[in-house]
Structures are given as structure tokens and as C-alpha cells.
Amino acid sequence: MDPRHHHRNLQGGGARAAVFGISDGLVSNVALILGMAGANASAGAVRLAGLAGLVGGAFSMAAGEYVSMRAQSELLQRELTVERDAIRKEPEDERRELVAIYEQRGLDSNLAEELSTAMMRDPQIALETHAREELGIDPDETGNPIQSAVSSFVMFAIGAFVPLLPWLVSHGAVAMWWSVGLSAVSAFGVGSALAWFTGRWWLWSATRQLLISGLAAGVTFTIGHLVGAG
């Protein structure tokens, strides 16, 4: 199979949550930690802030993913229920809808009639066809809220742990520069991995992620330094 024609299944939400989770964890915690470091906070205060950012952010991301995916799943299930009832109660109207859809897509009228009639013979096939043609969804892929929440929690924690690690074994300028270095390397890696999902040029994706992380860290470090000096 040509790898260019391989489509990755991202509808469950787990892959998307993982990518955003590790990216958000890295960016938010390196910004928080460098903000504290810029204010000349003690190593203990920086560690505490980093741990709080990791735990609080991971739970917040997981909760947000669960709620949003649950709402999306329930919305799609409701639409499928409406479509299922319509197929059962008004099969001829639903058949004509399919005919109109196929004709709009360029099929000959006779072929559209034949294909629509064949699709409507089996209620399950009819539901799947209407879901894809009318709603643009796969009835078997309406999202997995738990998978998304767990994936988001774990990957956010991993991303947030990277800039925190040096502060667990060191302190001061040494810990700060190690935090910057590890975060930069990780941001570049996350951007490269993201390119695998998006199909974009890996160097552009990696550089963009690095610049975003660097901007967030630079702004919070400057603010922390100014507030700390004040």
C-alpha cells in the first residue's frame, strides 16, 4: 500500500488529545517554571509551582477533554437516533434524500435510484449511509471520552515533567539552563512528531513548536523578573 494513501484514524480523540496534551504540558510548565525562576524564587518554590502546574494542568486537560468529547459523542448519538427513527418511519422520504444526494454528486438518475434502493434494504446499512452522506460521520467512530481524558492526562504530565526535572536534582542557574535546554529539545521533538500526523514538513513544524515554547517562556521569565525586582 502506498504510504501516502494511508489514512490515520484520529476520530477516537486519543491521538489528538495526546498531541495537544504533551505540547500544552511542555509549553505551560516551562513558562510557569521560568516565570518563577525569573522572579528569583527559591528552588523549593519553583519545584512546588512546577508540581502544581503539572498536577493541576493534567487534571484540567483531562477534565476538559472528557467533557468536550462526551458532549460531542452525545450530540452525534442524538443525530444518529433521529436518523434511525426517520429511516424506520419514513423510509421512502429517506430514500429520496439519498437519490438527491447522489444526483448532486453527479450520478445518473437511474443509477442514483438503483443505488439508493439497494442501500435502504438493510436498516443498518441505510443508517451508516445516511450518517456518512448527510451528517459526515462514521456511526462506529463517535469519539471515546475516557480514552481522550486518559491520553490527555498522561501526555500533559509527561510534557510538564520535562522542564521540572532539573529542579528536582539541582537549583539556581544550573537548573534553569538545563530546564531551558531540555524543553527546547523536547519542543523540537514534539513539533517533529506533530508533523507525522499533519503531513507537514517536519522542520517547519518543529521550528514552529520551538518558537511558541520559547516565546511563552521568554514572556513569563521577563514578567517574573520585573515583578520580582519590583
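The values are calculated or read from the model by the stated rules, or taken from the named source; none is laboratory data. These figures come from a predicted structure and were not determined experimentally. Glycine also receives a Cβ, built like all others from the backbone with ideal geometry; neighbour counts cover every protein chain displayed.
Side notes on the structure shown:
- Across the stretch 106-123, not a single residue is classified as modelled with pLDDT of 85 or more, crowded, with 18+ Cβ neighbours inside 10 Å and closer than 30 Å to Ser68 by Cβ.
- Beta carbons closer than 7 Å, at least 6 apart along the sequence or on distinct chains, pair a first residue in the stretch 38-59 that is under 15 Å from Pro166 (Cβ atoms) and touching a residue at least 60 places away in the same chain (Cβ under 8 Å) with a second that is of a type in the set (Phe, Trp, Tyr) and crowded, with 16+ Cβ neighbours inside 10 Å for Ala43/Trp167; Val46/Trp167; Arg47/Trp167; Gly50/Trp167; Leu54/Phe161.
- Screening the candidates Glu133, Glu92 for the property of being charged (D, E, K, R) and surrounded by 12 or more Cβ atoms within 10 Å (Cβ to Cβ) yields one hit, Glu133.
- Residue match in the stretch 86-109 (condition: closer than 30 Å to Pro145 by Cα, without any contact (Cβ under 8 Å) to a residue 24 or more places away in the chain and touching a Pro at 6+ places or on another chain (Cβ under 8 Å)): no
- Hey, Trp178 farther than 18 Å from Glu83 by Cα, surrounded by 13 or more Cβ atoms within 10 Å (Cβ to Cβ), in contact with a helix residue (DSSP H, G or I) (Cβ under 8 Å, 6 or more places away or on another chain) and aromatic (Phe, Trp, Tyr) or not: yes
- The condition of being part of a helix (DSSP H, G or I), closer than 15 Å to Asp24 by Cα and modelled with pLDDT under 90 holds for only one of Gly214, Gly159, Gly191, that being Gly191.
- Pairing each residue of the stretch 168-184 that is more than 18 Å from Leu54 (Cα to Cα) with any residue that is part of a helix (DSSP H, G or I) and of a type in the set (Phe, Trp, Tyr), provided the two are 6+ apart or on different chains, yields C-beta distances under 8 Å for Ser170/Trp178.
- When residues of the stretch 136-156 are limited to those that are assigned to a loop (DSSP other than H, G, I, E, B) and small (Gly, Ala, Ser), the one modelled with the lowest pLDDT: Gly143
- Any hit, the stretch 37-60, residues being β-branched (Val, Ile, Thr), in a helix (DSSP H, G or I) and within 15 Å of Val154 (Cα to Cα): yes
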